[in-house]
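We did not get these values from a lab; they are worked out from the coordinates using the rules stated. On a predicted model such as this, the values are computed, not experimentally measured, just so you know. Here the Cβ positions follow ideal geometry from the backbone for every residue, glycine too, while neighbour counts run over all protein chains shown.
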Amino acid sequence: MDLNLRNAVISNVSGNTQDQLKSTIIDAIQSGEEKMLPGLGVLFEVIWKHASDSDKVEMLETLEQGLKTP
């Protein structure tokens with residue numbers, strides 16, 4: 001992923017409230033547009049980098065379960 005894209009996504013959401021971040025994530029998912037995927041990836045990267053080890057385990061368990069569900 002291009003570093004400029006990463007910086008642009010972070011710049012666009014820096015300072016947003018939790019409600020604004022939630023709306024951004026929901027809108028990106030509901031739109032179903034492929035072009036939104038890199039931005040969601042950047043947000044996930046931020047979450048992952050700042051998560052505790054136990055939070056990472058929980059995210060991986062949630063992801064694993066979500067991928068098993070049809």
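Some points to look at:
- Sites E33 and V57, calculated FRET efficiency, Cβ-Cβ separation with R0 22 Å, nearest 0.05: 0.10
- Computed from point charges on the beta carbon alone (+1 for Lys and Arg, -1 for Asp and Glu), the dipole magnitude for segment 3-68 about its Cα centre is near 200 Debye.
- Near M59: Cβ cut-off under 13 Å, other residues only, Lys/Arg at +1 and Asp/Glu at -1. The net charge is -4.
- Computed lengthening from E45 to N12, 0.36 nm per intervening residue step minus Cα-Cα distance: 10.4 nm
- Tail beyond 16 Å, pair distance distribution of the chain (Cα, percent): 58
- 0 to 90° range, to nearest 10: angle between helix 37-50 axis and the chain longest Cα axis: 70
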